[in-house]
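Read through the structure below, which is laid out as structure tokens, and then see the notes.
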Amino acid sequence: MMLAALLAYALLYASPYGLRVLTVAGVYALAAIGFQIVFGLGGALSLAHGAFFGIGAYATGILGSQWGWGFAATFPVSLLVPLFLALLVGLPVLRLESHYFALATLGIAQVVHLLAVNSPGLTGGANGLPGVPGIVLFGWAVPRGLPLAAVVWSFVALGGLLAWRLARGRWGRALTLVRDDPLAAGTLGLDVGGLRLAAFALSAVYAGAAGGLGGGTPFLLYHFRARRT
């Protein structure tokens with residue numbers, strides 16, 4: 001019923017501004033699905049999720065504006081770069097528990113933020129990146145409004161379906177047991193460290209995907225610049 005109501009609103013009642021807000025909401029919804037994997041299923045409070053989001057957005061923005069890459073090329077990079085960083089930092093920080101893990105991931109987020117703000121030649125600094133191309137799929141430049149909102153929410157639906165299947169499968173049940181009782185999970189032969197690392201990495205992929213979509217969304221880019229300045 002909620003999906004039907006959302007679709008009816010977008011098709012019949014939404015103003016151009018409403019469609020823009022709906023598009024931004026879809027981008028954040030995809031990032032939230034990823035956070036649900038690492039925090040909701042895995043029980044790990046990752047404060048680096050926003051950093052992975054930003055890395056995905058910058059990957060799309062830098063490659064699109066400075067190298068002339070299209071969305072079909074930049075979007076996979078927006079997934080792979082956060083994934084690589086999550087695997088790199090996840091091995092040491094996932095050894096920490098509770099608030100120590102949260103503080104370690106907060107440190108990662110602050111390092112990414114400082115690098116972004118203090119590298120104007122690469123990231124545009126506090127002013128953001130101008131000239132980032134929009135989303136182009138199969139040679140079709142997706143216009144603003146309803147088409148862009150539909151594309152973004154299609155990614156949300158796909159990401160939500162994948163997360164739903166994972167959460168209700170063996171992997172999701174094992175991860176839930178790791179969250180509730182790591183000692184019992186290890187006693188049963190589950191790879192506690194591997195499951196946590198997989199959840200952390202998968203959440204980074206979702207955040208990078210959301211950032212990649214946000215990087216190709218003109219209203220969202222303006223929204224970022226307005227908040228940062």
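The values are calculated or read from the model by the stated rules, or taken from the named source; none is laboratory data. Keep in mind the model is a prediction, meaning the values are calculated, not measured. Don't worry about glycine lacking a Cβ; one is built from the backbone with ideal geometry, like all the others, and counts go over all protein chains shown. Only protein heavy atoms, including side chains, enter the accessible area calculation; ligands, DNA and RNA are left aside. Shrake-Rupley method; radii C 1.70, N 1.55, O 1.52, S 1.80 Å.
Provide the per residue accessible area, probe 1.4 Å, for the chain, rounded to a whole number of square angstrom. The partial results should precede the final answer.
On the way: 12060 Å² over 229 residues.
For the chain, the solvent-accessible area averages 53 Å² per residue.
Would you calculate the separation in nanometres between label points at Ala72 and Ser98, each defined as 7 Å from the Cα along the Cα-to-beta-carbon direction?
5.2 nm
Asn118 to Tyr28: FRET efficiency via 1/(1 + (r/R0)^6), r the Cβ-Cβ distance, R0 30 Å, to the nearest 0.05?
Details: r = 26 Å, r/R0 = 0.87.
Efficiency for this residue pair is about 0.70.
Tell me which DSSP H helices of the chain clear both cut-offs, 27 Å or more of axial length from alpha-carbon atoms and a mean Kyte-Doolittle hydropathy of at least 0.0.
Once both thresholds are applied, what remains is 16-35, 71-93, 98-117, 146-167, 192-215.
Per DSSP H run of n ≥ 4, the term is -39500 (n - 2.57); total these for the chain, divide by its residue number, and report the mean residue ellipticity at 222 nm rounded to 500 deg cm²/dmol. Walk me through the numbers before you get to the answer.
Values: 11 runs with 166 residues, N = 229.
Rounded to the nearest 500, the figure is -24000 deg cm²/dmol.
With the full set of protein chains in place, find how many percent of the accessible area of the stretch 1-135 is carbon and sulfur; take the probe as 1.4 Å. Spell out each step's value before the answer.
Values: 5350 of 7110 Å².
In the stretch 1-135, the share of accessible area belonging to carbon and sulfur is 75 percent.
Name the most mobile residue of Leu19, Leu91, Leu45, meaning the one with the largest mean-square fluctuation, in a Gaussian network model of the chain with Cα contacts below 10 Å.
The residue that fluctuates most here is Leu91.
What is the stretch 105-217 by shape, rounded, prolate or oblate, if you read a ≥ b ≥ c off the alpha carbon gyration tensor as root eigenvalues and call it rounded for a/c under 1.5, prolate for a/b larger than b/c, and oblate otherwise? Please report the intermediate quantities before stating the final value.
Details: a/c = 4.17, a/b = 1.54, b/c = 2.70.
Oblate, because a/c is 1.5 or more while a/b does not exceed b/c.
So for the pair Ala157, Ala4, with labels modelled 7 Å out along Cα→Cβ, what separation do we get in nm?
Reported label-point gap for Ala157 and Ala4 is 1.5 nm.
Compute the longest continuous run of the chain that contains no exposed chymotrypsin sites (Phe, Trp or Tyr not before Pro); treat a site as exposed when its DSSP state is not H, G, I, E or B and it has at most 10 other Cβ atoms within 10 Å. Kindly include the intermediate steps, with their values, before the conclusion.
On the way: sites that count: Trp67, Phe138.
Between the exposed loop sites, the longest stretch runs 139-229.
For the chain, what mean projected area does the convex hull of the alpha carbons give, in nm²?
Details: hull surface 53.0 nm².
Computing the convex hull of the Cα atoms and averaging its projections yields 13.2 nm².
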